[in-house]
Amino acid sequence: MRLPLAMLIATVALAPRAQPSVLDANGQSTTLDAVVEAAATADVVFLGEQHDDSTGHAVQRQILQALVALDRPVVLALEMVETDVQTVLDEYLAGLVRERDWLAAGRPWSNYDADYRPLVETMRAQGRPVVAANAPARYVSLVSRRGGLAVLDSLSEEARAWLPPTVAPPSDALAANFTDLMGGMPHGAGPTVEGMLAAQNLRDATMAWRIAETLDAHPGALVVHLNGSFHSQGRLGIPEHLARLAPDARVVVVTMAPDGTPTPGDDFTVRTAR
């Protein structure tokens, strides 16, 4: 028998000092129960994080554990793993290779053990898929250094297979937000705002492409996507690309930050306590 959502959340409670406050799209106080309930009826839920926020990571674990206990397939997708290591990740999840082999080949982030390994191990224990969603960093760097996506035409067919077939330009809103974030950087000499925006857009487009592929490969599944909040906040970035690739997908956007203010377009804001 499946437990009610409230009971599921209670079974993976956060430590008292890590209890966050949750706001809905209207800025009204709500609960993590409401986040899980909304996610449970979606196709994709974005859990936008601050990468160094330990409470945010605890919230992610809580939400994921509640969702995988529901009676529907769940797939975890990660910004923190790049598309070209999907094979070895699959081999590890299937028990074919050791964890040390997966980690040696997978180029995990420095905080993998503390913050992302628990999520991967939750999925592995239940035989559920994990998707390597981000563009390989070497190609992101190439686009940033060369100032645009045209340089990708120089890659081999094998290399291009790790990237989306086409990449739509960033929206004006995303470009304005990114320029504000990178304010003060030079235009045209050394690392430029234009090059970095193109690189950011490649990441967003690649993650959306991988999510859309996953929805096609797993009909009826819920894709739980972890990413830095800037990639999805306000439904900009990845959600914009996904809307072109999978226009019928039902999306829930959750943004987590220590003192987060609700952003138009977000379904929930989780204010984490640090």
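The values are calculated or read from the model by the stated rules, or taken from the named source; none is laboratory data. In this text, all values refer to a predicted model and were calculated from it rather than measured experimentally. Glycine gets a Cβ as well: all are built from the backbone with ideal geometry, and neighbour counts include every protein chain shown. The protein model used for the area step is the full one, side chains on, heavy atoms only, and it has no ligands, DNA or RNA in it. Shrake-Rupley method; radii C 1.70, N 1.55, O 1.52, S 1.80 Å.
A few comments on the model shown:
- Residue that is modelled with the lowest pLDDT [pool: residues in segment 262-273 that are of a type in the set (Val, Ile, Thr) and within 13 Å of Asp24 (Cβ to Cβ)]: Thr263
- Wholly enclosed helices (runs of 4 or more DSSP H) of segment 60-130 bearing at least 1 residues in contact (Cβ under 8 Å) with a residue 40 or more places away in the chain and of a type outside the set (S, T, N, Q): 86-93, 117-125
- Residue count, segment 86-109 (criterion: loosely packed, with under 13 Cβ neighbours inside 10 Å and at pLDDT below 95): 0
- Here His225, His241 are screened, and the one residue that is crowded, with 21+ Cβ neighbours inside 10 Å, at pLDDT 95 or above, assigned to a helix (DSSP H, G or I) and of a type outside the set (Lys, Arg) is His241.
- Applying the condition of being open to solvent by 40 Å² or more (accessible area, probe 1.4 Å) and at pLDDT 95 or above to segment 138-148 and asking which residue is nearest to Asp216 (Cα to Cα) yields Arg138.
- One residue alone among Tyr112, Tyr116 is more than 25 Å from Gly234 (Cβ to Cβ), modelled with pLDDT of 95 or more and among the hydroxyl-bearing types (Ser, Thr, Tyr), and that residue is Tyr112.
- Candidate set: segment 64-110, residues that are touching a Gly at 6+ places or on another chain (Cβ under 9 Å) and of a type in the set (A, V, I, L, M); chosen: the one farthest from Leu202 (Cα to Cα): Ala94
- Residue within segment 24-35 that is buried (at least 22 other Cβ atoms within 10 Å of the Cβ), of a type in the set (A, V, I, L, M) and in contact with a Leu (Cβ under 7 Å, 6 or more places away or on another chain) present: no
- Condition check for Asp266: part of a loop (DSSP other than H, G, I, E, B), under 18 Å from the mean Cα position of the chain (by Cα), charged (D, E, K, R) and over 19 Å from Asp216 (Cβ atoms): yes
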